[in-house]
1. Mind putting a number on the dipole of the chain about its Cα centre? Charges go on the C-beta only, +1 for Lys and Arg and -1 for Asp and Glu, and I need it in Debye to the nearest 20.
2. Separation between the Ala46 and Ser25 pseudo-spin-labels, each 7 Å from Cα along Cα→Cβ, expressed in nm?
3. How far apart, in nm, are two points set 7 Å out from the Cα along the Cα-to-Cβ line at Asp85 and at Asp67?
4. Over 10 Å intervals from 0, what percent of Cα-Cα pairs in the stretch 50-92 sits in each interval?
5. Counting pairs of alpha carbon atoms under 8 Å apart in space and at least six apart in sequence, what relative contact order in percent does the chain give?
Amino acid sequence: MQTMAIAGPDGVDTAIKAGVDLDGSPIPRPMLDLYNEVMDLESQRARSGVLKSMRNRVVKTGAKHFDQTVLNSRLIEAGWEGLKDKEISFYFG
């Protein structure tokens, strides 16, 4: 088994396409099939706007790297609305 060096935002996608986990073990076919089915359905869903999607990604990922106060300030400084109550309870609660 060979481990995969995964970095960057596309690293996990690369591993999924290869059908292997980060430790090199194969991802079970039923898991890959369900993942691919859901991602295909998601790719067909109408979007509400790029800025909203960008903000959602910043909140989701930013919560892993910034504390609540810093992330809230950075969102506002960038021109987005600050963290919503439901985001605070989900990511920082």
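1. 320 debye
2. 4.3 nm
3. The answer from the label model is 2.4 nm.
4. Going from the shortest bin to the longest, the percentages are 31, 63, 5.
5. Taking the mean separation of contacting Cα pairs over the length of the chain, I get 17 percent.
FYI, it's all coordinate maths here, none of it is from the lab. Quick caveat, the model's predicted, so the values are computed rather than measured. Ideal geometry is used to build each Cβ from the backbone, glycine not excepted, and the neighbour counts take in all protein chains shown.
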